[in-house]
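Worksheet: the structure to be examined is printed underneath.
Derivation of every value follows stated rules applied to the coordinates shown; laboratory data play no part. In this text, all values refer to a predicted model and were calculated from it rather than measured experimentally. Don't worry about glycine lacking a Cβ; one is built from the backbone with ideal geometry, like all the others, and counts go over all protein chains shown.
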């Protein structure tokens with residue numbers, strides 16, 4: 001590992017931390033002080049929320065990885081000669097976590113749950129529709145759960161301390 005890369009990474013982290021150090025002085029401000037105090041009182045609730053999100057994400061990542069891992073590296077040739085490869089989105093646990101996190105932010109695409117199976121011996125296209133339907137359903141349930149249920153929970157958590 002290059003020492004310059006380590007230095008640059010540590011410098012970037014220290015830059016972020018130095019800006020957070022300025023937050024200490026915001027307590028003296030009449031406008032920013034109460035905001036910072038209310039945010040710090042919510043931190044325990046926010047940590048609980050992120051823990052629940054992480055548990056949900058882990059559960060779906062385990063399930064989707066287990067379902068899509070056998071299709072890693074699969075390729076099929078379409079009738080027009082185009083080669084289609086299996087998306088690596090759910091073929092490993094790390095990729096599953098990354099894809100689910102990006103999906104939570106609305107960045108990942110819907111076609112990542114598609115299943116690509118190698119062509120049969122005679123060249124015909126194999127399809128595993130059942131696996132694809134179950135995988136797409138799990139992916140959609142994750143999206144609905146995270147977007148609707150967890151977002152509403154976060155709103156309730158954030159507005160709760162301000163009412164007290």
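For the chain, calculate the relative contact order in percent as a whole number, restricting contacts to Cα pairs under 8 Å that are 6 or more residues apart. Mind dumping the intermediate values first?
Numbers: 139 pairs, mean separation 34.1, N = 164.
With pairs under 8 Å counted, the relative contact order is 21 percent.
Does anyone have the angle between helix 93-104 and the longest principal axis of the chain? Alpha-carbon axes, 0 to 90°, nearest 10?
60 degrees
At 7 Å along Cα-to-Cβ for each site, give me the label-to-label distance between residue 69 and residue 48 in nm.
Going from the residue 69 label point to the residue 48 one covers 3.4 nm.
When mean projected area of the Cα convex hull in nm² is calculated directly from the model, which label among (1) 14.8; (2) 11.8; (3) 12.5 fits?
Given (1) 14.8; (2) 11.8; (3) 12.5, the structure-derived one carries the label (1).
To the nearest 10 degrees, how steep is helix 151-163 against the longest Cα principal axis of the chain, on a 0 to 90 scale?
So the helix axis and the longest Cα principal axis differ by about 10 degrees.
With a Förster radius of 45 Å, plug the Cβ-Cβ distance of residue 119 and residue 38 into 1/(1 + (r/R0)^6) and report the FRET value to the nearest 0.05. Walk me through the intermediate numbers first.
Working: r = 60 Å, r/R0 = 1.33.
The pair residue 119/residue 38 has a calculated efficiency of 0.15.
Describe numerically, in nm with one decimal, the distance between label points set 7 Å from Cα along Cα→Cβ at residue 101 and at residue 149.
Distance between label points: 2.2 nm.
Helix-only mean residue ellipticity at 222 nm, the chain, DSSP H runs n ≥ 4 weighted -39,500 (n - 2.57), per residue, nearest 500. What is it?
Numbers: 5 runs with 98 residues, N = 164.
Here the helix-only value at 222 nm equals -20500 deg cm²/dmol.
Taking the Cα atoms only, what angle lies between the long axis of helix 129-144 and the longest principal axis of the chain, rounded to 10 degrees?
Tilt relative to the chain: about 10 degrees.
Using the Cα gyration tensor of region 9-65, with a ≥ b ≥ c the square roots of its eigenvalues, what is the shape: rounded (a/c below 1.5), prolate (a/b larger than b/c) or oblate (neither)?
Because a/c hits 1.5 or more and a/b fails to exceed b/c, region 9-65 counts as oblate.
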